[in-house]
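What follows is a set of notes on a single structure, which appears directly below.
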Amino acid sequence: MGVLEGTVRVGGIPPKGPGDEAPEVGGTWQSGPPGSLYDALRIASFSLGPDGLVDQWSRRAERLLGIPARLVLGRDPVETLVPPTLRDRGRRKMAEILDGREWTGVVPYRRPGEDGGEGADGLAEIHVMPTRNGEGERAALCLVVDVRTLQGVEADLAASQAIFGQSPFGFLLIDTDLRIQRANRRFAAVFGGRPEDHLGKGVHDYLSTSEAERVSAALRQVLETGHSVTDMHVNGTAGKAGQPRDWSVNLYRVHGGSGRPLGVAWLGIDVTARKEAAREAAAARRNLHLLNEAGARIGNSLDLQTTARELLDVVVPHFCDLATVDLYEALLDGDEAAPGLADGSAALRRVAFASAVADLAFPADDAPHEVGTVHHYPFNSPAADALRTAEPRLVPPAGGHRRTLSTLAVPMVAHDTVVGLVKFARVTGSEPFGERDRALA
């Protein structure tokens, strides 16, 4: 309270000349909504005449400083408001101001008592701007800002900058037109460019049409109702390679000081790894269920063809969309030592087929085969390799079967002997086979 701090800006004011009146500009004035930044900062004003005395004292100044106009109008502001220990310095500043110098500083002040005695002390930030009256005499306009409020705004700004600059999550401020008004560095790091490169864009610039429409509807709902949306899952792509990503998004409406909606805040968290882990866990539970069901239903019969049909009843559609079972023709005829069994080149008979997809035949290495037909797999095919090695093999999609996404060829073993081949296929829209599926098979 014992220091008068400030910054002097020298700006000589030229004498007023003819034609200096401000031009009329139509349509530029409008009433601002209540609760604007002007109100939040608690700005007040007063003015000093050419004699250095207070000649105007606003109602805001009365409320902000707690000093009624009748106690200051027509008086020396230094004698009236400045504590005695700072008056000499205050008079020097006043002389500089009336000499046409702009000044900004934090000023300790004293509220005059009703009886003329000393009242309570306060602290205000004052911006003094030199002016001239109608006669060309120098005067000053003073804007006063409550220091505590200003410090609060500065703290809020620092917190906002920390969120936008340092948050590990994607953060957006979306305006009432559903356009990005601010984006933080994390969002820009995911989608490329600088934060300012994303300003003015909408969700359609980042998401597929259907997903963008869904998200836009959620944004409009939050704007209209004020009800927040939490953990909304959004799918899209990011990065130069366009890798699929999953986000958990929280949306909440942002208001101005008067409660007027300014837009929607978007907080996005990348949950791709979490969703992948959830899919892995779900697949593990599904596979465990399949193993339990297979153990209960398969193998109760000594007839290989019956066992094959029981197998397909279990795996379609829980493990795959299509499946076939081929058994060695010689084994079905009772000849366990037929040539060609070991190298996978012997004839096989298709004994079972199941499909969860209507009107879709099973793609083979050479051509589709109906149940009951006898065929051979080419020696260099993945299916023949699976028969030779007794190890599962992935089969590339066959030509003309674009709907088939992934096929797995698995040797069928009985008493440590390969007796045939089971082929599982998943169509487009299903998850392709992976190592987990090969291990299960």
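Residues are listed down the side, and each one gets a yes or a no for (1) modelled with pLDDT of 95 or more; (2) in contact with a Gly (Cβ under 9 Å, 6 or more places away or on another chain):
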{"site": "VAL190", "(1), (2)": "no, yes"}
{"site": "GLU196", "(1), (2)": "no, no"}
{"site": "ARG220", "(1), (2)": "yes, no"}
{"site": "HIS233", "(1), (2)": "no, no"}
{"site": "GLY239", "(1), (2)": "no, yes"}
{"site": "ASP246", "(1), (2)": "no, yes"}
{"site": "ARG253", "(1), (2)": "no, yes"}
{"site": "GLY257", "(1), (2)": "no, yes"}
Residues in the range 424-441 that are at pLDDT 85 or above and either out of contact with any Cys (no Cβ under 9 Å at 6 or more places or on another chain) or assigned to a loop (DSSP other than H, G, I, E, B) (or both) total 0
So which residues in the range 136-175 are assigned to a loop (DSSP other than H, G, I, E, B) and surrounded by fewer than 16 Cβ atoms within 10 Å (Cβ to Cβ), if there are any at all?
-> GLY136, GLU137, SER167, PRO168
Members of the range 332-373 found to be within 13 Å of GLY420 (Cβ to Cβ) and modelled with pLDDT of 80 or more, listed by number = LEU332, ALA346, ALA347, LEU348, ARG349, ARG350, VAL351, ALA352
Keeping to the range 193-238, report how many residues are among the small types (Gly, Ala, Ser), exposed (fewer than 12 other Cβ atoms within 10 Å of the Cβ) and on the phi > 0 side of the Ramachandran plot.
-> 1
Looking only at the range 384-400, decide whether some residue is in contact with a His (Cβ under 8 Å, 6 or more places away or on another chain) and either modelled with pLDDT of 80 or more or not in a helix (DSSP H, G or I) (or both).
-> no
Going through the range 176-192 in order, the residues found to be surrounded by 13 or more Cβ atoms within 10 Å (Cβ to Cβ) and not β-branched (Val, Ile, Thr) are LEU178, ARG179, GLN181, ARG182, ALA183, ASN184, ARG185, ARG186, PHE187, ALA188, ALA189, PHE191
Within the range 57-102, the residues that are touching a residue at least 24 places away in the same chain (Cβ under 8 Å), touching a helix residue (DSSP H, G or I) at 6+ places or on another chain (Cβ under 6 Å) and not in a helix (DSSP H, G or I) are VAL72, VAL82
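The values are calculated or read from the model by the stated rules, or taken from the named source; none is laboratory data. Bear in mind that the values here come from a model prediction, so they are computed numbers and not experimental data. Please note: Cβ atoms are built from the backbone with ideal geometry, for glycine as well, and neighbour counts cover all protein chains shown.
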